[in-house]
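Here is the structure we will look at, set down as structure tokens.
The values are calculated or read from the model by the stated rules, or taken from the named source; none is laboratory data. Everything quoted here is computed from the prediction, not taken from an experiment. Cβ placement follows ideal geometry from the backbone for every residue including glycine, while neighbour counts extend to all protein chains displayed. Note: accessible area is taken over every heavy atom of the protein model, side chains too, but ligands, DNA and RNA are not part of it. Shrake-Rupley method; radii C 1.70, N 1.55, O 1.52, S 1.80 Å.
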Amino acid sequence: MAAMESLVNGERAVVVIFVAGVVFSLPSSLLCHGLALSLLALSALSLDVLADSSNSFSFFKTRPGASSGILLGAVTLPALMLCKLTQMLRAIAMKEVEIEEFEHLTMQYWATSACCLSVLVLLCMVTWCEPGNMRSLSLRSTWHSKFSLSCIVLYTVLCCASLHTLSLSGFNTVLKLMWMIFHGLAAVRLIQHLLNTFPSSASIGEALLLTSGLVLYLSDMLAFTIAKACRLLITAEVVRYGSKRSEIGIIIQGMLLGLLLFPAVFKFVHQIWEWFSSKRYSESRTNNEIWKSLIFFSSLGFVMILIIPSWMQFILDFHMHPLLWGFSFVFSEPLKRLSLCIYWVIVICASILKFYNISKNSKIERILLRKYYHLMAVSMFLPALIFQPKFLDLAFGAALGVFMVLEIVRVWRIWPLGQPVHQFMNAFTDHRDSDILIVSHFSLLLGCALPIWMSSGYSDRPLAPFAGILSLGIGDTMASMVGYKYGVLRWSKTGKKTIEGTAAGITSVLATCSVLLPVLASTGYIVTEHWSSLVVAVIVSGLLEAYTTQLDNAFIPLVFYSLLCL
């Protein structure tokens with residue numbers, strides 16, 4: 001009985017229900033993909049059990065207090081992509097999109113799965129090859145590793161068979177497999193870099209989710225660059241890659257590329273300056289800080305104002321400078337969009353002043369104080385998503401860029417903002433933030449933004465863009481507040497989550513949806529949401545919030561969004 005309880009804990013049970021719901025809802029044409037997802041889940045489940053029952057992965061310095069999260073991290077993005085494929089098939093049947101869009105999304109599904117698969121292979125190799133593990137490797141650990149590798153081999157066969165049926169121009173089967181292998185190797189290298197560079201900042205599952213998402217996003221940019229080069233050097237008919245995207249999507253993609261590459265550029269320029277200055281004269285510490293700040297902001301401006309816009313205009317055929325396009329977009333409807341900006345500024349300033357003072361002078365628990373920011377997100381994003389969804393897309397991108405710059409400034413203590421930003425952010429940290437990185441505000445922003453960004457283009461589920469706002473702003477907040485004040489019955493002996501809190505979260509989301517759907521219908525949305533899928537999505541995401549020890553802001557919106565798309 002104890003062995004069974006260790007095998008099927010609450011988090012794993014909810015994830016298994018999630019994967020089973022996705023697989024059993026697939027049309028017959030996607031059964032091969034569903035079988036591959038099942039094999040990936042079985043392999044991840046085996047390693048997840050092994051990780052929590054032994055010290056096989058102690059090589060990685062993960063976030064204290066969290067389970068490994070291997071199963072949840074391995075299946076979340078592939079399951080989401082599979083749900084998008086199901087939605088895409090409905091669009092093709094209605095002749096809303098072209099078959100090329102479906103094939104491109106299929107490539108992304110296998111690429112995402114390849115990232116997760118390769119990390120699982122890495123974990124199997126760590127189990128076998130670590131010196132400490134070789135001496136104490138038990139029969140149980142050996143069985144888990146062999147079982148995982150067997151699932152991985154079967155998965156690879158299914159992947160090869162599926163890729164062989166795709167007819168992307170310029171890509172034969174060998175090139176497609178090489179493209180998948182590239183994703184896998186990049187994911188392995190990146191997750192090792194993240195866990196070693198930022199120790200105790202994330203669990204394996206959280207790092208796996210971030211890794212697979214970054215590799216997929218950055219490889220998409222690389223593929224566009226290669227395709228453009230091939231069209232220029234060879235012929236326009238040799239390579240075709242990618243799907244249609246909006247100007248806002250292009251701007252956000254370019255901005256993220258620049259900010260992810262910027263730390264390497266700044267570090268290189270700063271090292272050159274230090275070498276040059278040490279050869280000539282020695283400066284005081286204050287002067288060094290000033291010069292470092294000047295180099296930082298000048299390098300940032302050079303990358304974001306000159307290099308990245310040039311890349312966007314050349315590779316993605318963007319017709320004007322992104323900053324000019326952004327101003328023209330805002331002033332195309334100045335009354336609505338500027339009024340919304342003023343409203344956001346007032347809400348942010350008032351909330352920050354109030355909550356910062358409370359955090360310094362009050363004994364309220366940090367977890368409850370942070371939920372007020374969830375409510376603030378609802379008050380800011382919900383009206384904008386209903387009446388100005390495209391402008392909200394751009395605003396999310398701008399906010400993410402500001403957050404990334406401030407975090408870089410905080411980590412490197414760039415004068416004069418580094419220390420004040422660090423002191424301010426520390427007022428809202430909890431056990432899920434490390435001494436190096438503060439990630440909670442990123443997870444809240446991305447949790448609300450990703451469902452909206454992923455719903456751009458064709459979407460026949462009107463509540464899908466609201467998945468992050470509903471699950472985090474409404475469900476998670478109500479669950480925490482009600483559970484903290486009135487919760488008595490706990491889901492587990494060691495956890496703090498209560499049945500009363502979970503029930504309140506589920507009920508509040510369903511009640512909000514019952515009000516939101518008529519509002520959407522009155523504003524022109526074609527309401528096709530099925531209440532059966534909505535109820536299942538709300539219950540599964542609510543149970544995941546109750547049981548998971550992972551960063552729930554990152555996982556719950558994606559699970560909720562995936563089930564809404566089915």
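Quick check: anything in segment 460-478 more than 21 Å from the chain's Cα centre (by Cα), hydrophobic (A, V, I, L, M, F, W, C) and open to solvent by 30 Å² or more (accessible area, probe 1.4 Å)? Yes.
Checked against the criterion of being open to solvent by 10 Å² or more (accessible area, probe 1.4 Å) and outside any helix (DSSP H, G or I), the candidates Ala66, Ala41 yield just one match: Ala66. From the list Gly505, Gly487, Gly483, Gly495, the lone residue that is over 18 Å from Pro383 (Cα atoms), modelled with pLDDT under 80 and either buried (at least 17 other Cβ atoms within 10 Å of the Cβ) or over 28 Å from the mean Cα position of the chain (by Cα) (or both) is Gly487.
In segment 199-215, what residues are open to solvent by 30 Å² or more (accessible area, probe 1.4 Å) and under 9 Å from the mean Cα position of the chain (by Cα)? If the condition is that a residue be open to solvent by 30 Å² or more (accessible area, probe 1.4 Å) and under 9 Å from the mean Cα position of the chain (by Cα), then Leu210, Leu214 are the ones that fit. Tallying residues that are more than 14 Å from Ala114 (Cβ to Cβ) and touching a residue at least 12 places away in the same chain (Cβ under 8 Å) within segment 172-195 yields 4. Right, Val126: under 21 Å from the mean Cα position of the chain (by Cα), under 29 Å from Ser203 (Cβ atoms) and part of a helix (DSSP H, G or I) or not? For Val126, the condition - under 21 Å from the mean Cα position of the chain (by Cα), under 29 Å from Ser203 (Cβ atoms) and part of a helix (DSSP H, G or I) - is not met.
Taking the criterion of being of a type in the set (S, T, N, Q), in a helix (DSSP H, G or I) and either touching a His at 6+ places or on another chain (Cβ under 7 Å) or at pLDDT below 75 (or both), the residues of segment 257-292 that qualify are Ser277, Ser278, Thr286, Asn287, Asn288. Condition (residue is open to solvent by less than 10 Å² (accessible area, probe 1.4 Å) and aromatic (Phe, Trp, Tyr)) applied to segment 94-116: is it met by at least one residue? Yes, segment 94-116 has at least one match. Per the listing Gly10, Gly34, Gly21, Gly69, the residue uniquely modelled with pLDDT of 90 or more and of a type outside the set (Lys, Arg) is Gly21. More than 23 Å from Glu206 (Cβ to Cβ) and free of Cβ contacts under 8 Å to residues at least 24 places away in the same chain, is that true of Arg413? Yes, satisfied. Ser46 - would you say it is in contact with a His (Cβ under 7 Å, 6 or more places away or on another chain), in contact (Cβ under 8 Å) with a residue 60 or more places away in the chain and either among the acidic types (Asp, Glu) or within 27 Å of Tyr547 (Cβ to Cβ) (or both)? When the stated conditions are applied, Ser46 passes them. Leu218 passes every criterion in (1) more than 17 Å from Leu261 (Cα to Cα); (2) surrounded by fewer than 19 Cβ atoms within 10 Å (Cβ to Cβ) apart from (1). For the criterion of being out of contact with any Pro (no Cβ under 7 Å at 6 or more places or on another chain), part of a loop (DSSP other than H, G, I, E, B) and either closer than 26 Å to Leu450 by Cα or open to solvent by less than 10 Å² (accessible area, probe 1.4 Å) (or both), Arg90 fails. Scanning for something at pLDDT below 85, out of contact with any helix residue (DSSP H, G or I) (no Cβ under 8 Å at 6 or more places or on another chain) and either open to solvent by 40 Å² or more (accessible area, probe 1.4 Å) or not in a helix (DSSP H, G or I) (or both), does segment 293-305 turn up at least one residue? Looking for residues that are at pLDDT below 85, out of contact with any helix residue (DSSP H, G or I) (no Cβ under 8 Å at 6 or more places or on another chain) and either open to solvent by 40 Å² or more (accessible area, probe 1.4 Å) or not in a helix (DSSP H, G or I) (or both), one finds none in segment 293-305, hence no.
Note on segment 383-417: residues that are open to solvent by 40 Å² or more (accessible area, probe 1.4 Å) and assigned to a helix (DSSP H, G or I) amount to 10.
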